[in-house]
Amino acid sequence: MITVNVNNQSHSFAKELSLSELLNHLNIVQKGMAVAVNNAIVTQTAWDDFMLKDGALVLIVKATQGG
């Protein structure tokens, strides 16, 4: 079992999972956002192959409209 911290909220999973799998599991729309894992930006093209390890710190930032 692994635990991943997403925007300061812990989530537990039976095994390692990719960043894309995490976003799908959390029902997060994968448009207009940036993701960092352990303080390093992960490009969207790498999300399918980027495997999260136990204790990973994930920060998701979504773009918003406004002025």
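Examine segment 8-20 for a residue that is under 23 Å from A63 (Cβ atoms), hydroxyl-bearing (S, T, Y) and either open to solvent by 100 Å² or more (accessible area, probe 1.4 Å) or touching a strand residue (DSSP E or B) at 6+ places or on another chain (Cβ under 9 Å) (or both), and state whether such a residue exists. Yes. Pairs linking a residue in segment 21-33 that is within 12 Å of A63 (Cα to Cα) to a residue that is open to solvent by 50 Å² or more (accessible area, probe 1.4 Å), with Cβ atoms under 7 Å and 6 or more positions apart or on different chains, are G32/K62; G32/A63; M33/V61; M33/K62; M33/A63.
If you go through segment 31-54 and keep only what is within 23 Å of M1 (Cα to Cα) and polar (S, T, N, Q), you end up with N38, N39. Taken over segment 26-37, the criterion of being touching a strand residue (DSSP E or B) at 6+ places or on another chain (Cβ under 8 Å) and exposed (fewer than 13 other Cβ atoms within 10 Å of the Cβ) is satisfied by G32 alone. Scanning segment 52-65 for residues that are open to solvent by 80 Å² or more (accessible area, probe 1.4 Å) and either of a type in the set (S, T, Y) or in contact with a Leu (Cβ under 7 Å, 6 or more places away or on another chain) (or both) yields a total of 1.
The values are calculated or read from the model by the stated rules, or taken from the named source; none is laboratory data. Values in this document were obtained by computation on a predicted structure and should not be read as measured data. Methodologically, a virtual Cβ is constructed for each residue, glycine included, from the backbone with ideal geometry; neighbour enumeration extends over all protein chains shown. Surface accessibility is based on the protein's heavy atoms, side chains included, excluding ligands, DNA and RNA. Shrake-Rupley method; radii C 1.70, N 1.55, O 1.52, S 1.80 Å.
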